[in-house]
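Data first, discussion second: the structure below is written as structure tokens.
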Number of protein chains: 2
Amino acid sequence: MDEGFFTVQATSGAARAGLLATDHGQAETPLFMAVGTQGTVKGVTPDQLRDAGIRVVLGNTYHLMLRPGADVVNQLGGLHHMARWQGPMLTDSGGFQVFSMGEINSVTEQGCAFKSHLDGREEMLTPERSMEIQHKLGADIVMQLDDVPALPATRERTADTMRRSLRWLDRCKAALPTHSAQGMRQRLFGINQGGLDLELRAESARELVARDLPGYAIGGLSVGETKDQMNAVLGAVTPLLPPGKPRYLMGVGFPEDMLEAIGMGVDMFDCVLPTRCARHSLVFTSAGRLRMKNAMHAASTGPLDTECGCYTCANFSRGYLRHLIMAGEILGMTLLTIHNLHFYARLMGLARQAVQEGRYGDFCRDWLQRVTAKAT
Amino acid sequence: MDEGFFTVQATSGAARAGLLATDHGQAETPLFMAVGTQGTVKGVTPDQLRDAGIRVVLGNTYHLMLRPGADVVNQLGGLHHMARWQGPMLTDSGGFQVFSMGEINSVTEQGCAFKSHLDGREEMLTPERSMEIQHKLGADIVMQLDDVPALPATRERTADTMRRSLRWLDRCKAALPTHSAQGMRQRLFGINQGGLDLELRAESARELVARDLPGYAIGGLSVGETKDQMNAVLGAVTPLLPPGKPRYLMGVGFPEDMLEAIGMGVDMFDCVLPTRCARHSLVFTSAGRLRMKNAMHAASTGPLDTECGCYTCANFSRGYLRHLIMAGEILGMTLLTIHNLHFYARLMGLARQAVQEGRYGDFCRDWLQRVTAKAT
């Protein structure tokens, strides 16, 4: 039992508005978590992040275990204190990046042996080691280590890795102390797997729920499947999850995908898209996307988004921002990052308000039509 | 006559504490101006800059005339409005960068023909064009175009370029309207030249003073000469300049060089050192310099400088800053830039206070001894 960690405050169809409460403060859902891979959301200070409306930051265990190392982070007071982030944090298990960035030597029931992408050093990631590292990092929400099949995968391989992930979850649960090395409460989320096979997804969901976890993530999506395939998985999984626990769709994503997922009962998201796009001068606005290198912006005195109240839109013209981008100035990346994160945070706030007012379906439909119409 | 632009408020020996008053606000002297080459001080927002204690920003005419172009800057409201800098600004003439970055085709009495380092486009910089561009950029202080000899230069060549610079000054004075394209008062500074030849320097100074300008710069230093050579020039020039006008030593520099120059009556400085060093992880502190890549900082929980009150020192440990640097994170550059600029601004504040309290000589001596002792 974990009363008080998550509360559903309102619903509109399957969409929910809720509240996460951690030892590092609260966060309203639907929630977009900014990705802070190496102990910083790239290009912005923690104050700029908070002012942009971001309430939860995600840290990557894989990157942090390799540099500066979990022990150094712990010596520096844990991830919150080190990075001066005064809000909730979540760390992933390290598994996904091992599979996507490291050079894998072997994956066995024990865990995953790999070489660091930084210096080739041999490392081992097991459920126990992932928990030990996340315990030292000290995030409020920690993720189980899961086994991820290389794609495309056969049904048998998908089923095997899904079931191994459940066994690893049990080892994670047994290994994780209730509190971080800094003495703060940590909650373990399990991860639903099973590829695009709805039966395997359902089996995974039932097994996860039987373990009564503080929250449930849906993994293995946003890896090249169609929107219909993603929605089919969400439609099969979310009804099986307990209504009182938070649901986190990992690595998603595009604003329209998040809105559809909220409509199917998802509460939490993370994605590098707003920050990575900003560093490549692609901007999200309420009137569609902008490529800031486009010469049409060169002498434009207007803001990126007339409906936006972020620091960037309140102070700087498109023309100046384009100049900074064309000149390769760091400030350009910083200012576009602030804007894109604010756009994501504001979108979640609008979705929340629509849920609270019982009109989520209309909101979602209107928003998608409007952006699709203007982006052409 | 230009009453009210500059006021000497206190002296201590030859050192002065003063006040610059412009249409964009005031700035106390001694003053360090941050270099904002391309319309931004690299890596920081205007708010971070102001919070770091910076009061005046310098823009580079050469870079801005090529990109985004003076007309675009003017369309975006001028340099202040475009970059949201709510304080005084100074622009240089463009000449120095033409000589150091552009490919020069010819230098004649008319001006300097060169090719852009960006795209090879042929451009011409004359005294009149420099004034036209600076008029559009709209800085509060604009610099005359001067002719800069390639080094080493013969006495004859040094004398020729110094005298040509005086003729160009007269053309600048005739060409510059009293107000910027944005309707704000602009003041033209002349530049003392003459290399290391004290007679030529004196001739230049007397000719400049005869033109009764709002302020006087000392150029052509910090180009490889010894400290003694620089001090000899300052010792020859500053006594010839009128006490009621500001004196600006261009491109200097190191904290110790600035302190010595203040002791000889200089009021204003600019240099890329604090910002460029920050981007190369070199930090200025009241206990000497720090190389932040050094492994000794890896698990250090202390601030960069225990005497510093900047945003970086108030919030972040050396260990975290080193991690950001080692990981190549933009935030590391931003935070070190904030600290180094604050260090420079604070140093100017301490110098000012010492002048006001009539103890500049002691202050300067103590500071130099202390930093030299600890840096070893």
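What to note about this one:
- Rounded tilt (10° steps) of B:227-237 against the dominant C-alpha axis of chain B: 50 degrees
- Global size of region B:281-375 as Cα Rg and Dmax, reported in angstrom: 14.5, 47
- Karplus 3J(HN,Hα) series, Hz, for region A:346-354 with 6.51 cos²θ - 1.76 cosθ + 1.60 (x for Gly, Pro): 5, 4, 5, x, 5, 4, 4, 4, 5
- Computed FRET value (nearest 0.05) for A:SER100 with B:ASP228, which takes r as the C-beta separation and R₀ as 35 Å: 0.05
- When peptides B:202-210, B:262-270 are sorted by average Cβ neighbour count within 10 Å, with the highest value leading, the order is B:262-270, B:202-210.
- Relative contact order of chain A, defined on C-alpha pairs under 8 angstrom at six or more residues apart (%): 18 percent
- The convex hull around the C-alpha trace of region B:6-271, projected and averaged over every direction, spans 12.9 square nanometres.
- Averaged over the residues of A:318-329, the number of partner chain Cβ atoms lying within 10 Å of the residue Cβ comes to 5.
- Calculated label separations, A:ARG359, copies of the chain, 7 Å along the beta-carbon direction, nm: 6.9
- Chain B versus the axis that turns it onto chain A: the residue with the nearest Cβ and the distance in whole Å amount to B:ILE330, 3.
- Each copy carries a label point for B:THR154 at 7 Å from Cα toward Cβ; from one copy, the others' points are 8.7 nm away, ordered from shortest.
- Shielding score for B:30-39, defined as the mean number of other chain Cβ atoms within 10 Å: 2
- Under the criterion of Cα pairs below 8 Å and six or more residues apart, the relative contact order for region B:238-376 equals 23 percent.
- Taking Cα atoms only, the orientation of helix B:360-375 departs from the longest principal axis of chain B by about 60 degrees.
- Per residue convex hull volume, Cα atoms of the protein assembly as shown, in Å³: 167 Å³
- The calculated FRET efficiency for the pair B:GLU28 and A:ARG84, based on their C-beta separation and a Förster distance of 30 Å, comes to about 0.45.
- Counting only cysteine Cβ atoms and a cutoff under 4.7 Å, chain B contains unmatched residues B:CYS112, B:CYS172, B:CYS271, B:CYS277, B:CYS310, B:CYS364.
- Packing rank of B:319-331, B:3-15, where each peptide gets the mean count of other beta carbons within 10 Å, highest leading: B:319-331, B:3-15
- Cα-based helix-to-principal-axis angle, B:198-210 vs chain B, degrees rounded to 10: 70 degrees
- With label points set 7 Å from Cα along Cα→Cβ, the inter-copy distances at A:ALA232 are 8.6 nm, sorted shortest first.
- Part-to-part distance (alpha-carbon centres) for region B:356-371 and region A:205-252, which is given in Å: 66 Å
- For the segment A:73-83, counting C-beta atoms of other chains within 10 Å of every residue's C-beta and taking the mean gives 4.
- Based on C-alpha pairs under 8 angstrom that are at least 6 apart in sequence, region A:169-291 has a relative contact order of 18 percent.
- Measuring against 24 Å, Cα to Cα, the residue pairs A:LYS42/A:LYS136; B:LYS115/B:LYS136; B:LYS227/B:LYS293; B:LYS42/B:LYS245; B:LYS42/B:LYS173 contain B:LYS227/B:LYS293; B:LYS42/B:LYS245; B:LYS42/B:LYS173 as the ones spanning a longer distance.
Just so you know, all these numbers are worked out from the coordinates, no wet-lab data involved. Not measured: the values here are computed from a predicted model. Because the Cβ atoms are built from the backbone with ideal geometry, glycine has one as well, and the counts that use them run over all protein chains shown.
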